[in-house]
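Novice: Pasting a structure here, questions to come.
The values are calculated or read from the model by the stated rules, or taken from the named source; none is laboratory data. Computed from a prediction, not measured in an experiment: that's the story for all the values here. Cβ coordinates were reconstructed from backbone atoms using ideal geometry, including for glycine residues, and neighbour counts include every protein chain displayed. Accessible surface is based on the protein model in full, side chains and every heavy atom, while ligands, DNA and RNA are left aside. Shrake-Rupley method; radii C 1.70, N 1.55, O 1.52, S 1.80 Å.
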Amino acid sequence: MEKAGQKRKKAPVKSERELEKAPARPAEIKNVGVRQKVYREIKKQKKLEKKQKKKERKKNENLPEGQAPPKKIPNTIENMRADDETFVTGEDEEVLEEVEVDEFSDYYVDKKEPKILITTNTLPEGQATEVVETFLNIFPNSEYRQRKNYPLRDIIKFCINREYTDVMIVNEDHAEVNGVLVVHLPHGPTTHFKLTSWKSPHTILGANSLKIGNPELILNNFNTRLGLSVGRMLGALFPHTPNFTNRSAVTFHNQRDFIFFRCHRYIGEEKKVQVEEEEKEGDRYLRGEESDSEEENFTPRDRSVKREHDKLPVKVRLQELGPRFTLKLKSIQKGTLDYNGEYIWIAKKEAVQGRKVFYLDHELMTLSEASVELGMTTKECIYLTAADLTLHDPKIILSSVLSTIKYLPRIVLQSSTQ
């Protein structure tokens, strides 16, 4: 212990050599000046390494395909996802046999037309009314009945007696829609979806809320056993034979077990002819000069008419009809609604199942990979010309529709199911 009145000895000052032998981590250096100096050196070194890597990347871009090093593939949830044994291929005989005898087989051979009753929870106060009105425009052969205080079991019995094929219950909480229950009649299954990201047609720029009739249906990326069942259930809500004159397409796009809904109307527009050259030919004709054209028997007016009737490039223009919303599968139950019944599948919490486990889809394809499969450039996948255009080809329509869903993390293109 120090005695009273005795001065405290000062700590010895460290030399520069001792300071240079400081710990590698800047945070462990106690001297402020040396710590800042070490930190600046580390930062400078990282900046030089980053600059060097950037130069190497630019140099490799100009190299021929054979000499360039392979591109590094970034780690994403898609390529790090857990393998799913229930992935379905088109050649799986067991799945094809099940599909022929399942609850929705009559709809896909055009033996049965859907007839849907749409209702809400008791005393809807907010968004449910707007959602129901929009659903009536989307789903053909649908009608609304007021719920009042009837229990769901009585409503299901009522619908079975009147030969309805599906019951759709829109549920809201605190004046916002949070879920949709779809009961397939008469023997089920019962599917519960969480509904989020609702955007009504009048809030979408250029949208149109008119009835779409019997649309063409695109079910994309439902390629596991569970995903196939969900996709067929969604497809059974629409007539199997679309009305092509309406030029409308409904898309259920599954990605990371989120089902995105979009509705579009498509139209092929011819590119207008530039008539500057014809006007110059007309001036020469009026002045009595000889035309440079090889078609001597045509006047300038006849020539311009002929050029307008030639096959010109056609672009596909899409008009979004609305609405936009996202579905997340929560559960599938055998049979009609029964709170004590048997469940085929129930969603687990993300902390339990992990972020890399998905149940409805298996593989994703980027827009660049899709362009390779279709034999087009990336730009041509979005702006299609007349040579590649077949208006009723699901792949062509799908590539145009998905190119407009810009906020998705990765645009997906696979063969669709009609």
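Novice: Taking the Cα centre of segment 44-149 as origin and charging only Cβ (+1 Lys, Arg; -1 Asp, Glu), how large is the dipole, in debye to the nearest 20?
Specialist: 2260
Novice: Roughly what % of DSSP beta bridges within segment 110-180 run antiparallel, to the nearest 5?
Specialist: Of the beta bridges lying entirely in segment 110-180, close to 35 percent run antiparallel.
Novice: Between Tyr150 and Lys55, what is the label-point separation in nm under the 7 Å Cα-to-beta-carbon projection?
Specialist: With each label point 7 Å from Cα toward Cβ, the separation is 7.7 nm.
Novice: Could you tell me the accessible area of Glu100 in Å² (1.4 Å probe, neighbours in place), rounded to the nearest ten?
Specialist: 130
Novice: Please report, largest first and rounded to whole Å, the three semi-axes of the ellipsoid equivalent to segment 14-146, where each semi-axis is the square root of five times an eigenvalue of the C-alpha gyration tensor.
Specialist: Over the Cα atoms of segment 14-146, the semi-axes work out to 65, 30, 17 Å.
Novice: Using alpha carbon centroids, what distance separates segment 67-104 and segment 167-228, in Å?
Specialist: One Cα centre to the other: 24 Å.
Novice: Ignoring any ligand, DNA or RNA, what whole percent of the accessible area of segment 82-172 comes from carbon and sulfur when the probe is 1.4 angstrom?
Specialist: Carbon and sulfur together cover 45 percent of it.
Novice: Then there is this: Quick check for you: with a 1.4 Å probe and neighbouring chains kept, what is the accessible area per residue of segment 136-258, in Å²?
Specialist: Dividing the accessible area of segment 136-258 by its residue count gives 44 Å².
Novice: So, counting K/R as plus one and D/E as minus one, what does the shell of residues with Cβ under 14 Å around Lys334 add up to?
Specialist: -4
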